[in-house]
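I have placed the structure first, in the form of structure tokens, so that the comments after it can refer back to it.
Read the figures in this text as sums done on the coordinates, not as results from a lab. Keep in mind that what you see is a predicted model, and the values were worked out from it rather than measured. Methodologically, a virtual Cβ is constructed for each residue, glycine included, from the backbone with ideal geometry; neighbour enumeration extends over all protein chains shown.
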Amino acid sequence: MSRSERAARAIEVGAEAGERPGAGATGGAEAEAGTAGGGPLARLLPMLTLGHAAMFMVYIGIGGVLLPVQIEQIDPDGKIGSLGLVSGVAAIFATVFNPLAGLLSDRSRRRNPWILGGGLAAFATLALLGAVRTILLVTIAWCLVQATMNVYQAALTAIVPDRVAADRRGLASAMVGIGTPIGSVVGVMLATRFVPDDVDTGYLVLGAVTAVVAVLFTLLVRDERLPAVETVPLRRQVAAFAETLRVADFRWAFTGRFLMMLGFFSVSLFQYYILQDHITLPEGLDPEGAQAVLAPVDAVCTLLATVVGGLLSDRLGRRKPFIAVSCVLSAATMMIPVIQPDWTGMLLFTALAGISFGCFMAVDTALVTLVLPSADDAARDLGVLNIANAGPQIIAPFVASLVVGSLGYNALYVVGALIIALGALSVAPIKSVR
């Protein structure tokens, strides 16, 4: 059976099962992954975990440790405002490059070249970031890192709707989600080894790991060209970004992800400074050491919640209740450091935040793949969705620095909780998924 025939059959099967074609029913690679006795999935899923782990090594290890330390070394008195500025401006690049890279990979009908190119380019830009010594140059270099990493991310996140059947996406999303805690903890543990005196080497090491993972992914996961689709002028595809959000279910999924990420990033962006300036740490424990302890706690809790949430949502055939409960728990968890701003409170906060965030990401990723407006433009649509990941990173630094500067860290936690609570309400209007 040809790839085009398998693609047609996959859509027929989806339609027979009551699934709307174009909303999670994808091409031939999906049928192959879902029916070949687990062979393709057995190779694909671990590489998805590794690929996403490398991504979060950069986002958390560098964004959460190395970048704040570098900025503090350059501008100790204005570190909060400078970190907010650098992160906010760089997030604009992430917002632009993610859907653009997704669109281009859709047009090429390939994913691996974009994963490889993004990973190798990220290594080069991270080397540049470690070499600069002014806030302006840090801003420029971090923008380039965000741009290259989002080329990598856009192609990687399109793999699940490309190649995994709808009834296996909870498992696939769980494997993707596992990469988040693994990458986060490894990234933080590696990054703290180079703080405070060898930050530039830390950038090189994490960049090299990302490049190696990109090479391994392209070598071990065969990149079959997606079925040909009608070529649409680039200008019309750019206009289609806005049309994507006209699909109500996708728009509500976008809103929920946006609010969760906004509340999350408003707090997590400043975690290093929170540990430094707000939380009472035990004697002998510095912020770097605290992050090295908190990272595995977060990883274990996130990992368990990711696996359990993804598998349970598959078994029960329900997505929305898991997402709503995760948002409510996450919002309530934000109050712990306000009530108990000490090391015990921070450990409890980290554990519960990991549980709620892990469950949310696993199940929400599965839900999103089921409400995509167009199967043929999966990377483009996921790129639009990833604005809900990157967009809050634009807003959060400016909002958070303003809140902290005027009202303090307790107010930041309260604002984050209110935003996330609104995210719990956004899943209710989604009609095509239970």
Regarding the range 107-150, what are the three Cα extents along the principal axes, ordered largest first, in Å?
40, 16, 8
10 Å beta-carbon shell around Val433, net charge (K/R +1, D/E -1)
+4
Shape call, the range 149-232: gyration tensor on alpha carbons, a/c limit 1.5:
prolate
For the range 44-112: rounded, prolate or oblate by the Cα gyration tensor [a/c cutoff 1.5]:
oblate
Modelled FRET efficiency - R0 30 Å, Glu243 with Ser108, Cβ distances, 0.05 increments:
0.90
So for the range 292-356, using the alpha carbon gyration tensor with a ≥ b ≥ c as root eigenvalues (a/c under 1.5 gives rounded; past that, a/b versus b/c decides prolate or oblate), I'd call it oblate
